[in-house]
Amino acid sequence: MIWLTWRQLRTQAAVVFGAVAVLAALLLATGPRIAHLYHAHGRAFLDELGRTESGLYLIGTFAVLFAPALIGTFWGAPLVTRELDAGTHRLAWTLTTRTRWLLVKLGVVGLVAIAATGLLSLVVTWWNGPIDAAIARNSGAPGHGVFLLPRLHALVFDTRGVVPIGYAAFAFVLGVTIGVVIRRTLPAMALLLALFTVVQVTMALEARSHLLPPDHVTTTITSANLMLIDISGNLTVRIDEPGAWIVSQHTVDAAGQAVSPPSWVGKCPLETGQASQTCFDRLTALGYRQRVAYHPAGRFWTFQWEETAIYLVAALCLAGFCVRWIRRRVS
Amino acid sequence: MSAVLRARGLGKRYRRRWALADCTLDIPAGRVVGLVGPNGAGKSTLLGLAAGLLTPTTGTIQVCGERPGADPAQLAKVGFVAQDTPTYARLTVAEHLTLGSRLIPGWDMRLATERVRRLGLPPDQRAGSLSGGQRAQLALTLALAKRPRLLILDEPVAALDPLARNEFLRELSDAVAGREISVVLSSHLVSDVERVCDHLIVLVGSRVQVAGDVRELLAAHHLIGAPHLDPAALPPGVHAVSADRTDRRTTLLVRADVPVDGHGWAVTPVGLEDLVLAYMSRSTPVLEEQR
């Protein structure tokens, strides 16, 4: 059964690993220069990076971002439906039990998917190491081209470290599950893409920040740390925590109660100068502070492992469901 | 008579539609059994249940004394050639044989390679580019090389042209001749069944209409004709199966446990085709009454 599964997968696996190898070769060729520049120039080295590096940064990041969805769509969803369409399950199920048939398919294709994504993420994470470190140390300062987002930012977090492995496993098994339930290839692929996207967005924007309790800091509001005043007058400040992920913030008054900041803050001049200083000093004197909930940059790996574990457990549960379903429901 | 397949109150429902309902039948061991019936009679469903591809909604089915598809050992006892003889289009002929040898304990590789060679199937050709007849032969080879105790064929020749059909049935007859193997072959064509089968089961609307040895069935059935014949007034031991009336003559197909000569009727022997047709059409009024 392993032989058959591999025989069916090998062409696609060759294409996928070929693509990973090409990207890896590009990154391995350019990576040492980046590491060298970082050692030579420190965090200012981002200015030294040109269009090649910017391009590779985006390609690598998006490759890891989209790999799990592609695996779910093209390996997961059709895994069973393709056999149901061709009727070959009626041949396979007379040669082996359907439980074994499905388990081997899930195991072999799932492991290959995990290996491909893991390899891709490994090489992308290594290549981006100096860049991510420099971005973290630059935190809050104006960005350099595309090198803007710290590792804990939703878009970057998903494309580094070990989480892509969890995503790939989950997307794959989710695709298989949708396939065995609705039994039609194209609808299964479309539904997988939609559902997986919803799960990813929900995890990044809503769920992830709750995986660990955030730290809090209360800071005075100055012309230097004030980043933004939104349309309803709420303030956004920067904190002195390189690479931190700010979950939420609000203005508090002298009693520590959450309040709207006085409307005149908007008229404070932001250029450094006596007038600006006086304006913000008055705000501080009235007891206004900004309370910020955030995750420090050092939690990156804790978040990574925790989220990977969650996705892998979800994938295992779905796999169990698939096996039960195919034994009971699929004819 | 030992049964290789035993169904009791067997039923299979898809959503709201019963594909097979309350079917009770025995298929004798060591015979080549033809399962005939109109489309929708439940033949494929019955055979799918026997192969373990389907699970019954109601009732029980036993194949070689066990629940079908329960474990690899049970799977190895049953060779199944599914409708449209599915094969993996991207795998070559030789790879299909490898697949069998890797999955089936007791796989007879010599039989398989010998058959493939004799049939002229190119080992390196992908199954997807084989002709329908060749694909059916490959599927049959896979089923035979399992050395099954029961070989099930679900409409194996339905999609084949007459030449390939002829070839397939001849191969099948040769393959099972002189071997300890039971065969069930479903078809809606009586001529196919007549060529290879020695036992017949007519299934209509999940019900067995008639079952028995082909020669015995032919010996027990007759066509009797006379100007006026009342099916209700036949002598004891003679039962009308179907009636065909014209203005001038009535022809009855009867099943008789006693000799039918000497009643002043014209008695002619009946062909298998007519016999099957008589039993298949007989069930129609029953269905109409139920409505």
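The values are calculated or read from the model by the stated rules, or taken from the named source; none is laboratory data. Not measured: the values here are computed from a predicted model. Cβ placement follows ideal geometry from the backbone for every residue including glycine, while neighbour counts extend to all protein chains displayed.
A count restricted to segment B:39-61 and to residues that are under 20 Å from the mean Cα position of the chain (by Cα) and surrounded by fewer than 16 Cβ atoms within 10 Å (Cβ to Cβ) stands at 3.
Can you name every residue in segment B:64-87 that is part of a loop (DSSP other than H, G, I, E, B), within 13 Å of chain A (Cβ to nearest Cβ), within 19 Å of B:Leu153 (Cβ to Cβ) and of a type outside the set (S, T, N, Q)? Please lay out each step first, then the result.
Taking segment B:64-87 and keeping what is part of a loop (DSSP other than H, G, I, E, B), we get B:64-65, B:67-71, B:82-87.
Narrowing further to those that are within 13 Å of chain A (Cβ to nearest Cβ): B:67-71, B:82-87.
Okay, now just the ones that are also within 19 Å of B:Leu153 (Cβ to Cβ), so B:68-69, B:82-87.
If the condition is that a residue be part of a loop (DSSP other than H, G, I, E, B), within 13 Å of chain A (Cβ to nearest Cβ), within 19 Å of B:Leu153 (Cβ to Cβ) and of a type outside the set (S, T, N, Q), then B:Pro68, B:Gly69, B:Ala82, B:Asp84, B:Pro86 are the ones that fit.
Residue count for segment B:119-134, restricted to those that are in contact with a Leu (Cβ under 9 Å, 6 or more places away or on another chain), part of a helix (DSSP H, G or I) and surrounded by fewer than 20 Cβ atoms within 10 Å (Cβ to Cβ): 2. Of the residues in segment B:105-113, at least one is within 12 Å of another protein chain (Cβ to nearest Cβ) and surrounded by 18 or more Cβ atoms within 10 Å (Cβ to Cβ).
Looking at A:Phe66, A:Phe62, A:Phe74, A:Phe147, can you tell me which residue is surrounded by fewer than 21 Cβ atoms within 10 Å (Cβ to Cβ), closer than 20 Å to A:Arg183 by Cβ and more than 14 Å from chain B (Cβ to nearest Cβ)?
On the way: A:Phe66 fails: closer than 20 Å to A:Arg183 by Cβ; A:Phe62 fails: closer than 20 Å to A:Arg183 by Cβ; A:Phe147 fails: closer than 20 Å to A:Arg183 by Cβ.
Checking each option against the conditions leaves just A:Phe74.
Looking only at residues of segment B:211-227 that are out of contact with any Ser or Thr (no Cβ under 8 Å at 6 or more places or on another chain) and buried (at least 20 other Cβ atoms within 10 Å of the Cβ), we find that the one that is farthest from B:Trp18 (Cα to Cα) is B:His221. Considering only residues in segment B:88-104 that are among the small types (Gly, Ala, Ser) and assigned to a helix (DSSP H, G or I), the one that is nearest to the other protein chains (Cβ to nearest Cβ) turns out to be B:Gly100. For segment B:41-52, indicate whether the set of residues that are touching a Leu at 6+ places or on another chain (Cβ under 9 Å), within 21 Å of A:Ile2 (Cα to Cα) and small (Gly, Ala, Ser) is non-empty. No, there is no match, as no residue in segment B:41-52 is touching a Leu at 6+ places or on another chain (Cβ under 9 Å), within 21 Å of A:Ile2 (Cα to Cα) and small (Gly, Ala, Ser).
I need the full set of residues from segment B:170-186 which are surrounded by fewer than 23 Cβ atoms within 10 Å (Cβ to Cβ) and either touching a residue at least 12 places away in the same chain (Cβ under 8 Å) or within 16 Å of B:Lys43 (Cβ to Cβ) (or both), in order please. Write out each step before concluding.
Going through segment B:170-186, the residues surrounded by fewer than 23 Cβ atoms within 10 Å (Cβ to Cβ) turn out to be B:170-171, B:173-181.
Of everything in segment B:170-186, those that are surrounded by fewer than 23 Cβ atoms within 10 Å (Cβ to Cβ) and either touching a residue at least 12 places away in the same chain (Cβ under 8 Å) or within 16 Å of B:Lys43 (Cβ to Cβ) (or both) turn out to be B:Glu171, B:Ser173, B:Ala175, B:Val176, B:Glu180, B:Ile181.
Among the residues making up segment B:193-210, those that are crowded, with 18+ Cβ neighbours inside 10 Å and assigned to a strand (DSSP E or B) are B:His199, B:Leu200, B:Ile201, B:Val202, B:Leu203, B:Val204, B:Gln209, B:Val210.
Between A:Thr61, A:Thr11, A:Thr5, which is over 30 Å from B:Pro105 (Cβ atoms) and either assigned to a helix (DSSP H, G or I) or modelled with pLDDT of 95 or more (or both)? Write out each step before concluding.
Numbers: A:Thr11 fails: over 30 Å from B:Pro105 (Cβ atoms); A:Thr5 fails: over 30 Å from B:Pro105 (Cβ atoms).
None of the other options fit; the residue is A:Thr61.
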